[in-house]
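First comes the structure, then the notes that go with it.
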Amino acid sequence: TVKVVAIELDDKPFFTIPTIASTCAATSEVAAVYTADHTFDDVAFVNHPPVHCFIDADILVEAPSRYLWAGMGDTIAKHYETHLSARNREQDYNTQLGLTLASMCSEPILAHGIQAYKDSQANKRSDAFDTIAMTVIFTTGVVSGCVPMAYNSNMAHAVCYGCVTNKETEENHLHGEIV
């Protein structure tokens with residue numbers, strides 16, 4: 001990905017243009033690394049998020065609805081994983097901010113997710129679709145940047161990374177479908 005290339009080129013600044021609303025990768029410091037045959041290999045971490053993310057909902061709504069479905073799964077997990085990770089720990093300002101924003105990872109999905117998914121299936125932009133796409137890409141990315149890296153992956157992500165060691169699971173399921 002552009003993130004890994006940016007690291008290898010002396011930590012150059014980079015920008016992103018997401019074409020699917022499937023994860024927060026376009027706005028976060030995390031990069032999923034895949035092999036030449038498109039199977040998951042590793043997670044790489046960059047030193048900073050993109051300097052800008054150009055989000056065009058007209059492009060996102062044309063993607064297969066499966067990606068939005070997976071994005072909602074990954075995003076709703078962010079709320080629960082961050083709060084579970086934070087239990088019984090003292091939090092600094094950034095972490096408190098991230099935990100507060102994490103509630104915005106679940107509430108919009110519970111309120112508008114079904115409608116957004118139906119609109120995605122029809123390739124129809126709507127307020128529901130736009131809200132969920134921004135929640136998946138932007139809100140979750142901001143949360144990821146505010147909380148400690150260890151808070152970003154808890155039980156749901158651990159199970160996911162274990163499941164993708166099975167080639168059939170990895171080839172047939174998106175990240176957010178497993179999470």
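Read-outs: derived from the displayed coordinates by stated rules, not from any lab. Being a predicted model, the structure only gives us computed values, none of them experimental. Cβ placement follows ideal geometry from the backbone for every residue including glycine, while neighbour counts extend to all protein chains displayed.
Could you compute the FRET efficiency for residue 114 and residue 47, with r as their C-beta to C-beta distance and R0 at 25 Å, rounded to 0.05?
0.05
Shape of the range 2-174 from its Cα gyration tensor (a ≥ b ≥ c, root eigenvalues): rounded if a/c is under 1.5, otherwise prolate when a/b > b/c, or oblate?
Rounded.
For residue 37 and residue 97, what is the calculated FRET efficiency with R₀ set at 45 Å and r taken between the beta-carbons, to the nearest 0.05?
According to the calculation, E is roughly 0.70.
Go through the range 91-101 residue by residue and turn each phi into a ³J(HN,Hα) via Karplus (6.51, -1.76, 1.60, θ = phi - 60°); whole Hz please, and just put x for glycine and proline.
Values, residue by residue: 10, 7, 4, 4, 5, 4, 4, x, 5, 5, 5 Hz.
Could you tell me which of the pairs 78/124; 3/78; 12/124 are separated by over 30 angstrom between their Cα atoms in the structure shown? Walk me through the numbers on the way to the answer.
Numbers: 78/124 26 Å; 3/78 21 Å; 12/124 37 Å.
Over 30 Å Cα-Cα: 12/124.
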